[in-house]
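For reference, the structure is listed below as structure tokens.
Every number here is computed from the coordinates shown, using simple stated rules; none is lab data. Keep in mind that this is a model prediction, so the values were computed, not measured. We place every Cβ from the backbone using ideal geometry, glycine too, and count neighbours over all the protein chains shown.
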Amino acid sequence: DAGITQSPRHKVTETGTPVTLRCHQTENHRYMYWYRQDPGHGLRLIHYSYGVKDTDKGEVSDGYSVSRSKTEDFLLTLESATSSQTSVYFCAISDGAGKNTGELFFGEGSRLTVL
Amino acid sequence: AQKITQTQPGMFVQEKEAVTLDCTYDTSDPSYGLFWYKQPSSGEMIFLIYQGSYDQQNATEGRYSLNFQKARKSANLVISASQLGDSAMYFCAMRSPGNTPLVFGKGTRLSVIA
């Protein structure tokens with residue numbers, strides 16, 4: 001199994017507070033992703049990274065920022081959490097499509113509740 | 001833009017029977033990859049099977065096979081001899097050329113009945 005850890009795994013916070021989710025990998029994979037999962041929506045891409053300090057927006061990036069200062073860490077920040085950001089957040093990594101199928105390996109997810 | 005459609009929100013299948021989960025996709029790129037993931041009730045995402053757009057044969061992995069019909073833009077997952085442990089959410093996903101992120105469908109919840 002790919003070494004991916006997400007922290008925290010569960011968090012309850014209040015509207016307006018900042019929240020940072022961390023994704024840490026031990027696989028030295030180049031690509032890292034943040035998705036959110038909501039009932040009826042499947043998984044939707046928030047932001048992704050294709051290298052240290054190289055990031056790009058996904059489908060649902062509003063209200064989120066990311067940073068990747070090291071290969072192994074990808075941080076997702078909610079500057080001011082809102083109730084609509086209550087969700088399960090998944091980090092995923094990939095070695096890229098050129099080396100094999102390029103499938104994503106997922107972390108265990110972080111459940112965020114914004115009250 | 002790429003799009004994945006899974007039209008079956010939920011399905012039931014009898015244990016030991018085969019089941020097909022539908023997936024259609026939309027892309028204008030000639031090169032792409034199609035993926036299926038399983039998410040059991042415990043929540044983790046498990047990669048099941050991959051099909052490349054230029055692959056001549058349908059992908060198979062144990063009891064999983066992918067019925068790839070390129071002209072119809074469909075990539076249905078077939079699970080043979082269903083087991084109770086197959087009860088889960090199943091997601092179809094697609095990648096366009098290069099290392100673009102995967103786009104996921106909304107998923108199908110499969111329930112296997114004893």
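Observations on the model:
- Cα-Cα over 30 Å, subset of A:Lys70/B:Lys106; A:Lys70/B:Lys3; A:Lys11/A:Lys70; A:Lys53/B:Lys3; B:Lys3/B:Lys38; A:Lys53/B:Lys70: A:Lys70/B:Lys106; A:Lys70/B:Lys3; A:Lys53/B:Lys70
- Rounded to whole Hz, the Karplus (6.51, -1.76, 1.60) HN-Hα couplings of the stretch A:17-22, x for glycine and proline: 8, x, 9, 10, 9, 10
- Percentage relative contact order, chain A, counting C-alpha pairs under 8 Å, at least six apart: 34
- Using θ = phi - 60° and Karplus 6.51 cos²θ - 1.76 cosθ + 1.60, couplings along the stretch A:7-15 (whole Hz; Gly, Pro as x): 8, x, 7, 9, 8, 10, 9, 10, 3
- When Rg and Dmax are taken over the Cα atoms of chain A, they come to 13.4, 43 Å.
- Most positive-pole-ward Cα, A:Tyr33, A:Leu45, A:Thr113, against dipole of chain A from beta carbon charges: A:Thr113
- Close amide H contacts of B:Ile49 (hydrogens built in the peptide plane, cut-off under 5 Å, sequence separation of 5 or more or a different chain): B:Trp36.
- From most to least packed by mean Cβ count within 10 Å, the peptides B:69-78, B:9-18 give B:69-78, B:9-18.
- Over chain B, the Kirkwood radius and the radius of gyration, each from Cα atoms, give a ratio Rg/Rh of 0.96.
- Ordering B:Phe91, B:Phe68 by the number of other Cβ atoms within 10 Å of each residue's own Cβ, fewest first, gives B:Phe68, B:Phe91.
- Along the stretch B:79-84 the Karplus relation, 6.51 cos²θ - 1.76 cosθ + 1.60 evaluated at θ = phi - 60°, assigns HN-Hα couplings of 10, 8, 6, 4, 10, 4 Hz to successive residues, with x for each Gly and Pro.
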